[in-house]
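The block underneath contains the structure these notes are about, expressed in structure tokens.
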Amino acid sequence: MKKIFQYLSLVLVILFSENSSLTAQSQDFSCGQHIILSKLLKDSTFKRLYDQEQRISSNTQYSSGAQNKGVLYKIPVVFHIVHNNGVEKIDRSQVLDALAILNRDLRALRADTATVDSLFKPLIADIEVEFVLATKAPDGTCFSGVTMTQTPYSYNNGDINGSDQVDAVMMYNDVFQGNWPGNEYLNVFVCGSVGTGIAGYTYYPSSFFGNTMNNGIWLRHDYCGSIGTGNPSGSKTFVHEVGHWLNLPHTWGSTNEPGLASNCSSDDGVADTPNTIGSQWCNYNETTCGSVANIENHMEYSPCRKMFTLGQKARMRTAVTSSLGGRSNLITAANHLATGIDTTAPFCKADFFANRYITCSGDSLYFQDYSYHNPISWSWDFSGANPAVSNLENLYTTYPSPGVFDVSLTSSGDSINFLTELKNDAVIVMDYNGEQLPFYEGFETINFNSPEWISNIGNWSVTDEVSYNGSYCLKVQNSGVAEGTKHVLESKTFDLSDSTKAYFNFKYAFARKNSTNNDYLKVLASNDCGKTWSVRKILQYSQLITAPDQNNFLPSFGDWREATITSLIGPFCVQNFRFKFEFESGGGNDLYIDNINISYENTTAINTSYNNEVSIFPNPANNNLTVSSSKIISELAVYDIMGKQVLSNKKVNSNTVNINTSKLSKGYYSVSLKQGQEILTKSFMKN
Ligand SMILES: [Zn+2]
């Protein structure tokens, strides 16, 4: 299957994007269609089929039969959101926006249609084709028209390989696992990446694809719709790809790229699009091939593209009514019935989503109805929030106090039959006034549950397999996990507002299995309770590796290293600071983390060999603890696990300190030593 698909993928029709910026302009597009197509045409089997199919479609395109006007053809569409829990996990409103833009443009209803060059105004065509969200899955299940698949294959960087994304959707989507036949649905795959620099791609109708899902359209998430991660300019990509999917070449025909004088000798097989070299910008006097070019055509690359012509309409409708690539089956009454677009879809599910699920006390969350289909009444229940109940469709509600709260929505399509969706522990509200510094976490006695720690994504746990000191540390079970898998651990809130600079450090240990592994760890910080995050440190390659390549890595003491984040300054020193670790699997061993420190004092200038010269015993301690160092200790303080100072001695000035620990309750503590300008933290257990 994979090999076959890789072969097929050479008939791609690709729209490249120059960069990943959300404001990428369409004049940056370039297309690899002909390069790829010409490669494939060297294969005699493909060439025979391609020539045959292209001959058929060009012979029939000018037929003036009933299919060419007056009948609105409806095509069921399903959007598969292929995400890896990042920004590419777009929400339903962005999907609906993309679909509305597509239908608006196909029906020639753009507001700027009136501005089309007067030369081409008479040619503006309403294609009389609309795409409608399917409401039935292949097994008849009522669904929203959108499926969700979480997979590292969301990001297809490098050469195009849509087969991994199709396979992931078939195996793991949340609605129906299996084939969504390409002659029953237009399958749209919205992904993190669809090949380096590529905005979208698809195929001309071809019997090569049979009824597989490969007969679909791939879009990078930020070229899907004009809202959310999308933008108005990028939203034209979907329209352009549907043009290809309905057998339209670029206006300049089959050459490598627009703008070449040699393009005057090739054509797009459409009579009313003037011969042109193709444009990447809006030159309204483009006449290189003799006549004025229709640079506003959707099958151009110019940013001002906005219309299809009557000739293109004939070609597209011929494609829709042809059995080639299974297109004609899409518009049959039987298929409309099977995919649920024949009638007003039934109300079958109550559901909702929020703009965020983690917030701080006093903040508001925006809840949106996601019930389908056609709900007319809503009854919300927000425990712990204000308002606590509501009958609005969408609303803001405010959480005054910290806690973990359920949310439920009861909705109805007829106000007679009701369905309820209850999400337990859906909302985590952190204290707006975070925990005071210093913060020290050795994972000895912690509650590894929200809201203390949030680790819904990936394989984080507390382990006793190994530790830097004490008995426990943090672990990412990474060995054997698919490359690209993300593991996210979020903290609670901390109050950093007492200073303009804070120090953050932690111990970690990691080994690759071999030199091809590319795992990395990011540390991110938020100064607004997690609404926005910025990367503060990336440990990658040699920075992440603390031991030689090996299998089944379990760190010994010398395999631990310290990471320091020195950039928690100014804007990050707020009452509701939070941090998170984001580890991405790259084929290596498990990752271990221990002894997270956040403090106003620099405890980081101590190297490991120096650490080793300080001893602390007995550990665990009973009534006495001895701290011994080769260097003079000037001051000493002991903190409990909440970071509260429980003992201190400001005038030590000795190499050895005996601490009376008899009055300390059982638990985990850290002892902080000041030696000259340096501060060192060690931890111990009191029995
Ligand atoms: Zn194209």
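Values in this text are rule-based calculations from the coordinates and carry no lab data. Because the structure is a prediction, the values reported are computed rather than measured. Every residue, glycine among them, receives a Cβ derived from its backbone with ideal geometry; neighbour counts consider all protein chains shown.
Summary table
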read-out: Against the rule of thumb 2.2 N^0.38 Å, how large the Cα Rg of the stretch 452-608 comes out; value: 1.02
read-out: Relative contact order [Cα under 8 Å, 6+ residues apart], the chain, whole percent; value: 10 percent
read-out: Entries of Lys580/Lys644; Lys644/Lys674; Lys236/Lys306; Lys580/Lys674 with Cα pairs more than 20 Å apart; value: Lys580/Lys644; Lys580/Lys674
read-out: Where labels lie 7 Å past Cα in the beta-carbon direction, separation of Asn518 and Ala333 in nm; value: 5.4 nm
read-out: Cβ-based exposure ranking for Asp594, Asp342, in which fewest neighbours within 10 Å come first; value: Asp342, Asp594
read-out: Projected-area average for the chain over all orientations - Cα convex hull basis, square nanometres; value: 34.6 nm²
read-out: Crossing angle, helix 310-320 versus the chain [Cα axis fit, 0-90 degrees, rounded to tens]; value: 70 degrees
read-out: Ranked list, fewest to most other Cβ atoms within 10 Å of each Cβ, for Ser670, Ser266; value: Ser266, Ser670
read-out: Rounded tilt (10° steps) of 162-172 against the dominant C-alpha axis of the chain; value: 70 degrees
read-out: Sorted peptide list for 554-565, 108-119, 163-174, criterion being average Cβ within 10 angstrom, highest first; value: 163-174, 554-565, 108-119
read-out: Mean Cβ count within 10 Å, highest first, over the residues of peptides 324-334, 615-625; value: 324-334, 615-625
read-out: Over the chain: helical MRE at 222 nm, DSSP H runs n ≥ 4 each giving -39500 (n - 2.57), nearest 500; value: -4000 deg cm²/dmol
read-out: Theoretical gain in end-to-end length, Ser630 to Val535 [0.36 nm per residue, Cα-Cα removed]; value: 30.4 nm
read-out: Rounded FRET efficiency, nearest 0.05, which uses the C-beta distance separating Asn355 from Thr564 and R0 of 41 Å; value: 0.75
read-out: Sorted by Cβ density within 10 Å, fewest first, the residues Arg356, Arg48, Arg305, Arg220; value: Arg48, Arg356, Arg305, Arg220
read-out: Check: the chain dipole with +1 on Lys, Arg Cβ and -1 on Asp, Glu Cβ, in debye; value: 660 debye
read-out: Where the Cα pairs of the stretch 615-686 fall when distances are cut into 5 Å bins, in %; value: 4, 17, 33, 26, 16, 4, 0
read-out: Local electrostatic count, His250, Cβ distance below 10 Å [Lys/Arg +1, Asp/Glu -1]; value: -3
read-out: Approximate spin-label separation Asn658-Ser262, in nm, with each point projected 7 Å along Cα-to-Cβ; value: 9.1 nm
read-out: Under the Karplus curve 6.51 cos²θ - 1.76 cosθ + 1.60, θ = phi - 60°, whole-Hz ³J(HN,Hα) for the stretch 96-105, x wherever Gly or Pro sits; value: 5, 5, 4, 5, 5, 5, 4, 5, 4, 6
read-out: Alpha-carbon centroid distance for the pair the stretch 271-310 / the stretch 133-153, whole angstrom; value: 37 Å
